[in-house]
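Data first, discussion second: the structure below is written as structure tokens.
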Amino acid sequence: MNHLQATLAGLTDADPRQRDIAAEHLADLLRYTTLAQGDTELAVRELVALLGVESDRDVRESALNALGEAITYHTLNLELFRPLEPMLASMSPRLLEHALYILSATHDPQARATIEAFLNHPDPAVRGYAADALVELAGRDSPS
């Protein structure tokens, strides 16, 4: 079992602390190592899948942080992150900050409607995150 596979296996540990450590370690791998594109995409798919079933708030935040590292340091398309969309409505403002950034950093115009939906969120911080995400979304296409 290689290092990435061992770390991914930690995402399924029964202990939430171990899952949290695995997600944090994946963030480091995604930030500090040159993973092959396929390995990066595998890590992203596993982290997104974890978010679909994870109930521990700290683990969810660590997984979203790792996804943020992935989209910041690697070229990834929106389709990898689409499974997050139905989860957004149940996320806390703190988690939404990460998730909206992740969607926007794909720079895919198809994320616009999902992000715009949060411009009317009852929490003013989330409205701000959505506005910032729309700026980031257009960032790649903006004239220099």
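Conditions tested, residue by residue: (1) in contact (Cβ under 8 Å) with a residue 12 or more places away in the chain; (2) crowded, with 21+ Cβ neighbours inside 10 Å.
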| residue | (1), (2) |
| --- | --- |
| P93 | yes, no |
| L103 | yes, yes |
| A111 | yes, yes |
| F118 | yes, yes |
| P124 | no, no |
| A131 | yes, no |
| E136 | yes, no |
| G139 | yes, no |
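Residue by residue, here is whether (1) assigned to a helix (DSSP H, G or I); (2) in contact (Cβ under 8 Å) with a residue 40 or more places away in the chain; (3) touching a Gly at 6+ places or on another chain (Cβ under 8 Å) holds:
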site	(1), (2), (3)
Q5	yes, no, no
L8	yes, no, no
Q18	yes, no, yes
A22	yes, no, yes
L26	yes, yes, no
L30	yes, yes, no
A43	yes, no, no
L47	yes, no, no
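Candidates L96, L119, L84, L134: the one that is closer than 21 Å to E46 by Cβ and either aliphatic (A, V, I, L, M) or not in a helix (DSSP H, G or I) (or both) is L84. Of the numbered conditions (1) modelled with pLDDT of 95 or more; (2) under 16 Å from A23 (Cβ atoms); (3) open to solvent by 30 Å² or more (accessible area, probe 1.4 Å), T72 fails exactly one; give the number of that condition. Among (1) modelled with pLDDT of 95 or more; (2) under 16 Å from A23 (Cβ atoms); (3) open to solvent by 30 Å² or more (accessible area, probe 1.4 Å), the lone unmet condition for T72 is (1). When E79 is tested against (1) in contact (Cβ under 8 Å) with a residue 12 or more places away in the chain; (2) open to solvent by 50 Å² or more (accessible area, probe 1.4 Å); (3) acidic (D, E), just one condition goes unmet, and that condition is (1).
Taken together, the criteria exclude H121 from residues that are out of contact with any His (no Cβ under 8 Å at 6 or more places or on another chain) and modelled with pLDDT under 95. Within segment 51-67, being assigned to a helix (DSSP H, G or I), of a type outside the set (K, R) and open to solvent by 10 Å² or more (accessible area, probe 1.4 Å) holds for G52, V53, D58, E61, S62, N65.
The values are calculated or read from the model by the stated rules, or taken from the named source; none is laboratory data. Keep in mind it's a predicted model, so treat the numbers as computed, not measured. Don't worry about glycine lacking a Cβ; one is built from the backbone with ideal geometry, like all the others, and counts go over all protein chains shown. Ligands, DNA and RNA are excluded from the accessible area calculation, which covers all protein heavy atoms including side chains. Shrake-Rupley method; radii C 1.70, N 1.55, O 1.52, S 1.80 Å.
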